[in-house]
Amino acid sequence: MKKVMLVLLVISLVISMVGPLGAAEKRGKLFNVRSSDISSEGVEVIRPWKTILLDKEYRGAWLVAGDLTGDGQPEIVCTRSLMEDGDNHYTASAVVHRLDGSVLWKWGNPEGRRESLGSDIACQIYDWDGDGKNEVIVSAKQDNKTWLVELEGSTGKEKRRFEIPEKSADCIVFCNLSGGKRAREVLVKTRYTQIWAYSYEGKQLWTIKMPGGYKTAHQPRPMDIDGDGKDELMAGYSLLNADGTVRWTLGSEDDSRFGGHLDCGRLYQKEKTLEETRIIMTFCGGNRIASVDGKGKMIWSIAGEGLHYESVDIGKVCAKERGEQLVVDIPYAKWGECPIQVISGDGVILGEILTEYSRFHRLIDWTGDAVEEIIIGQDHCMFDGQGRKIGVFDMPVPEGVKAPSTTEESIICAMGDMSGDGVADIIYYTNPGTVVYIYKNTKGKPSRKVPLGMGVNFTLY
């Protein structure tokens, strides 16, 4: 009897230390590496498939890509911004480059406008009217008024415009608020305080200020969590219904209150019940990353001083781990010690890569094995889910062009199908905007989920 009791005691102690049986991720970090400490000798050097030198007069650092001519190949739209009163900005100009570097069209006035980037700019590519041809939509300030302007994708000619409130030019988000077959409604917002929803025709549907009493997210995130065909909106620390009413506010049922604002909201898993659904949130000023269910109940969080979690990628990164993982940056640490963390869906830190600057990163299946690699912006390299550096992206500097800085944020990465084969490719570009590098993915598998170009509602958050 004593032996049985001893065995039970040991089992109890083991469970108390490692958690529920079968939670393999509870064993701790799989890797902890510093990018600059790992030699690139013997690591694959990936050469650019296309190198595009941006138009000197119009170039800028906000880039979106999509097929504007209907030929099955994407073009690149590059913009400059007009800055007013600190964080208020408007799209000032745009230039469209074909992949051979030639200019398709130009719009606006770039003179004296901002080339560098400190946030998203209100410029997106989308087939808004559903005629099979993409438009370029921008928020601009002209004649002392703020406008949502729709430009013909192939020519840059203005198709139409409608007036929107002053300073509501922080970003543009297309969403489905009416339950139709496609997203026809659009959201515009100020930097941190107010959101407006409009129909395709330009009719204001609703507006909300400081949702739930908190600042807005940088980009409200559409997500149909209840399957009714209409998008709910992760607007900040509140989830909104399609009619703009508050569905829930994080912390409204307990004493938890969070400073700052929502940097990033992503639907991690959509299940049959809202209790099983999971949304990932990062808290600017709140030093936290959290998972909440579809009713706003916090499931887990990681918090601490200086943990300024920002952007989240979701994908299968660690082949032997359960489900998909989160890849998230903590960018405002000491230069050279900015972490990118790999976190399990249950909130356990599986791995960490210290980078020069971690702000920009993407996930891509570069090897064709259905496991995704981590693409890092400033370090312009690739890591696998075991913390091994497996690729370095060559960024040859064209003659007469200043090389990107290695001591300040200057290299951004993005992804999308840039060759028309249905496979995700990698895009690197400099901040301020000067050169765009495209790296063709030759081993990845085609997927219907991969957009031609960077897709609609592109964001750096």
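The values are calculated or read from the model by the stated rules, or taken from the named source; none is laboratory data. Remember, it's a predicted structure, so these values are computed and weren't measured experimentally. Because the Cβ atoms are built from the backbone with ideal geometry, glycine has one as well, and the counts that use them run over all protein chains shown. The accessibility values were calculated without ligands, DNA or RNA, using every heavy atom of the protein model including side chains. Shrake-Rupley method; radii C 1.70, N 1.55, O 1.52, S 1.80 Å.
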### Query
Restricting attention to region 35-50, which residues are within 27 Å of the chain's Cα centre (by Cα) and among the acidic types (Asp, Glu)?
Glu44
### Summary
For region 285-296, the count of residues that are open to solvent by 20 Å² or more (accessible area, probe 1.4 Å), within 19 Å of the chain's Cα centre (by Cα) and either farther than 19 Å from Glu310 by Cα or touching a residue at least 40 places away in the same chain (Cβ under 8 Å) (or both) equals 0
### Task
Quick one: Gly345 ticks every box in (1) open to solvent by less than 30 Å² (accessible area, probe 1.4 Å); (2) out of contact with any Gly (no Cβ under 8 Å at 6 or more places or on another chain) except a single one, so which number is it?
(2)
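Working carefully through the options Leu205, Leu239, find the one that is closer than 26 Å to Lys272 by Cβ and in a strand (DSSP E or B). So that I can check it myself, show each step before the final result.
Details: Leu205 fails: closer than 26 Å to Lys272 by Cβ.
From the options Leu205, Leu239, the qualifying one is Leu239.
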### Query
Looking at region 86-98, which of its residues are modelled with pLDDT of 95 or more and surrounded by fewer than 19 Cβ atoms within 10 Å (Cβ to Cβ)?
Arg98
### Query
Which members of region 264-309 meet the condition of being closer than 30 Å to Lys334 by Cβ, among the charged types (D, E, K, R) and at pLDDT below 95?
Arg288, Glu305
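Do you know which of the residues in region 190-202 that are assigned to a loop (DSSP other than H, G, I, E, B) and out of contact with any His (no Cβ under 9 Å at 6 or more places or on another chain) is surrounded by the fewest Cβ atoms within 10 Å (Cβ to Cβ)? Break it down stepwise before answering.
If we filter region 190-202 for residues that are assigned to a loop (DSSP other than H, G, I, E, B), which is where we start, we get 190-193, 199-202.
Among the residues that remain, those that are also out of contact with any His (no Cβ under 9 Å at 6 or more places or on another chain) are: 190, 193, 199-202.
On the way: Thr190: 19, Thr193: 16, Ser199: 14, Tyr200: 16, Glu201: 8, Gly202: 14.
Only one residue tops the list, namely Glu201.
Are there any strands (runs of 3 or more DSSP E) wholly within region 384-451 with 2 or more residues that are aromatic (Phe, Trp, Tyr), open to solvent by less than 30 Å² (accessible area, probe 1.4 Å) and under 22 Å from Thr79 (Cβ atoms), and if so which?
In region 384-451, 425-430 are the strands (runs of 3 or more DSSP E) which contain 2 or more residues that are aromatic (Phe, Trp, Tyr), open to solvent by less than 30 Å² (accessible area, probe 1.4 Å) and under 22 Å from Thr79 (Cβ atoms).
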### Task
Please specify each residue of region 297-320 satisfying the condition of being farther than 16 Å from Cys338 by Cα and either open to solvent by 10 Å² or more (accessible area, probe 1.4 Å) or hydroxyl-bearing (Ser, Thr, Tyr) (or both).
Lys297, Met298, Ile299, Trp300, Ser301, Ile302, Ala303, Asp313, Ile314, Lys316, Ala319, Lys320
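Of Met83, Met17, Met5, which residue is open to solvent by 30 Å² or more (accessible area, probe 1.4 Å), assigned to a strand (DSSP E or B) and at pLDDT below 95? Quick ask: steps written out before the conclusion?
Working: Met17 fails: assigned to a strand (DSSP E or B); Met5 fails: assigned to a strand (DSSP E or B).
Only one candidate passes the filter, namely Met83.
Would you check which residues across region 352-375 are touching a strand residue (DSSP E or B) at 6+ places or on another chain (Cβ under 6 Å) and either of a type in the set (S, T, N, Q) or closer than 13 Å to Ile330 by Cα (or both) and list them?
Going through region 352-375, the residues touching a strand residue (DSSP E or B) at 6+ places or on another chain (Cβ under 6 Å) turn out to be 352-355, 357-364, 366, 372-375.
Across region 352-375, the qualifying residues are Glu352, Ile353, Leu354, Thr355, Tyr357, Ser358, Arg359, Phe360, His361.
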### Summary
How many residues of region 220-237 are crowded, with 24+ Cβ neighbours inside 10 Å and small (Gly, Ala, Ser)? The answer is 2
## Note on the structure
The condition from (1) open to solvent by 30 Å² or more (accessible area, probe 1.4 Å); (2) touching a Leu at 6+ places or on another chain (Cβ under 6 Å) that Ile164 misses is numbered (1)
### Task
Check whether at least one residue in region 142-160 is in a strand (DSSP E or B), of a type outside the set (A, V, I, L, M), in contact with a Leu (Cβ under 9 Å, 6 or more places away or on another chain) and buried (at least 24 other Cβ atoms within 10 Å of the Cβ), and report yes or no.
no
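Can you name the residue in region 429-454 that is over 18 Å from the mean Cα position of the chain (by Cα) and among the charged types (D, E, K, R) and, of all such residues, is modelled with the lowest pLDDT?
From region 429-454, those over 18 Å from the mean Cα position of the chain (by Cα) are 432-448; that's our starting set.
Now restrict to residues that are among the charged types (D, E, K, R): 440, 443, 445, 448.
Working: Lys440: 98, Lys443: 96, Lys445: 94, Arg448: 89.
Filtering region 429-454 for residues that are over 18 Å from the mean Cα position of the chain (by Cα) and among the charged types (D, E, K, R), the one modelled with the lowest pLDDT comes out as Arg448.
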